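The values are calculated or read from the model by the stated rules, or taken from the named source; none is laboratory data. All figures in this text were calculated on a predicted structure; none of them were measured in a lab. Cβ: placed from backbone, ideal geometry, glycine included. Neighbour counts: every protein chain shown.
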């Protein structure tokens, strides 16, 4: 769908507190833009908010995402529900005393903004702390998949959920215990970490989970759709490069490649197509058989600006007659947020764009696209050279053909 988000660089949210960007999504039917951020509360606690920019460019008041906010809520992740303007959020909260993972469903409308008919639902266990949640809606099986780190169990765990009730549709899934050990900590927070990340990607009626085993090795595991409550978990491939920093990934549904971006040598941004599955028109997990075919192709340096980069993020653009391009954005701090558009071989399709230079607070960029516009949300302390009230959220929007 076409949208009329506010073009150029604009303030998405700012006040006298330090807000920190967490995510961005586009609702499926109308193309409303929803940004999520973390903000401070009294006594050193934090909580989570969402703000809506409608498809016609109207900013609505921020919405408090949790119903229960006694202590700290952090590390929110969201996913749009296909065929609607609804979305689901998951986060970690220590309201119960230790961190637990909660999920809540929201509806979005141009007239009423963001709303939630029910309070959040506890979806994790209760044996110690649970942190680092992630969630994705799978349109092939019409279910949600959520995962998180069990600190005490020292596992990456997950579960399938009903998209309407958020009730479990599977038994709990033990995905892997081969996780970089810094995540086994109640203080772990994927949104602010320098190196660690967990990424979810749809593949057919299953979900691919990307997680670091070490700082030079990312494992990609496929969690299958539940049958009689059970979900198969298979390690499909591993990706290794020396000295990798933060990574992010999305799935190329046309060519069945994992599109991986990461911080590598000299703090540059690199992209790689990880070939795991069969032909482009296959949605099942038919793997390549030869070792040579299974290997990733040569990494491509994506940034032209040579300043040290961090926090890479990749998202797929809307399918245009069987062709999917990809948005990649990253932070360089004082020299600005950069983004560019790439084809499925990581060949740039335009000159990279700098957003909000001369602000050392630029970080955590996230990008999404409608059929005619690109939106990049970023965390910043200045806007066009002028100081914000504190640390706020900016939105940059540009049109494309």
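Tabulated values for the structure
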{"item": "Residue match in the stretch 131-146 (condition: without any contact (Cβ under 8 Å) to a residue 40 or more places away in the chain, more than 22 Å from residue 208 (Cα to Cα) and not in a strand (DSSP E or B))", "result": "no"}
{"item": "Residue list for the stretch 230-244, filter: surrounded by 18 or more Cβ atoms within 10 Å (Cβ to Cβ) and either modelled with pLDDT under 95 or more than 21 Å from residue 154 (Cβ to Cβ) (or both)", "result": "236, 237, 239, 241, 244"}
{"item": "Criterion: modelled with pLDDT under 90 and buried (at least 16 other Cβ atoms within 10 Å of the Cβ) - qualifying residue of 269, 300, 276", "result": "276"}
{"item": "Residue 24 being at negative phi and either part of a loop (DSSP other than H, G, I, E, B) or free of Cβ contacts under 8 Å to residues at least 12 places away in the same chain (or both)", "result": "no"}
{"item": "Residues that are outside any strand (DSSP E or B), in contact with a strand residue (DSSP E or B) (Cβ under 6 Å, 6 or more places away or on another chain) and more than 26 Å from residue 371 (Cα to Cα), drawn from the stretch 306-331", "result": "309"}
{"item": "Residue 30 being under 22 Å from the mean Cα position of the chain (by Cα), buried (at least 22 other Cβ atoms within 10 Å of the Cβ), touching a residue at least 24 places away in the same chain (Cβ under 8 Å) and part of a loop (DSSP other than H, G, I, E, B)", "result": "no"}
{"item": "Output for the stretch 178-229, where each listed residue is on the phi > 0 side of the Ramachandran plot and crowded, with 18+ Cβ neighbours inside 10 Å", "result": "204"}
{"item": "The one condition in (1) under 20 Å from residue 366 (Cα atoms); (2) in a loop (DSSP other than H, G, I, E, B); (3) in contact with a helix residue (DSSP H, G or I) (Cβ under 9 Å, 6 or more places away or on another chain) that residue 242 fails to fulfil", "result": "(1)"}
{"item": "Residues that are over 21 Å from the mean Cα position of the chain (by Cα) and part of a loop (DSSP other than H, G, I, E, B), drawn from the stretch 152-172", "result": "152, 153, 154, 164, 165, 167, 169, 170, 171, 172"}
{"item": "Residue in the stretch 173-180 that is within 25 Å of residue 49 (Cα to Cα), in contact (Cβ under 8 Å) with a residue 12 or more places away in the chain and not in a loop (DSSP other than H, G, I, E, B) present", "result": "no"}
{"item": "Any pair with Cβ under 8 angstrom, 6 or more apart, that starts in the stretch 4-21 at a residue that is touching a residue at least 24 places away in the same chain (Cβ under 8 Å) and at negative phi and ends at one that is buried (at least 19 other Cβ atoms within 10 Å of the Cβ) and part of a loop (DSSP other than H, G, I, E, B)", "result": "4/55; 5/55; 5/370; 9/356; 13/19; 13/62; 20/191"}
{"item": "Residue list for the stretch 332-345, restricted to those being assigned to a loop (DSSP other than H, G, I, E, B) and either more than 23 Å from residue 196 (Cα to Cα) or in contact with a helix residue (DSSP H, G or I) (Cβ under 6 Å, 6 or more places away or on another chain) (or both)", "result": "343, 344, 345"}
{"item": "Any hit, the stretch 201-218, residues being closer than 30 Å to residue 46 by Cα, out of contact with any strand residue (DSSP E or B) (no Cβ under 7 Å at 6 or more places or on another chain) and in a strand (DSSP E or B)", "result": "yes"}
{"item": "Residue 16 at pLDDT below 95, over 15 Å from the mean Cα position of the chain (by Cα) and either crowded, with 16+ Cβ neighbours inside 10 Å or under 23 Å from residue 388 (Cβ atoms) (or both)", "result": "yes"}
{"item": "Qualifying residue in the stretch 49-57 (condition: crowded, with 20+ Cβ neighbours inside 10 Å, without any contact (Cβ under 8 Å) to a residue 40 or more places away in the chain, closer than 24 Å to residue 167 by Cβ and in contact with a strand residue (DSSP E or B) (Cβ under 8 Å, 6 or more places away or on another chain))", "result": "no"}
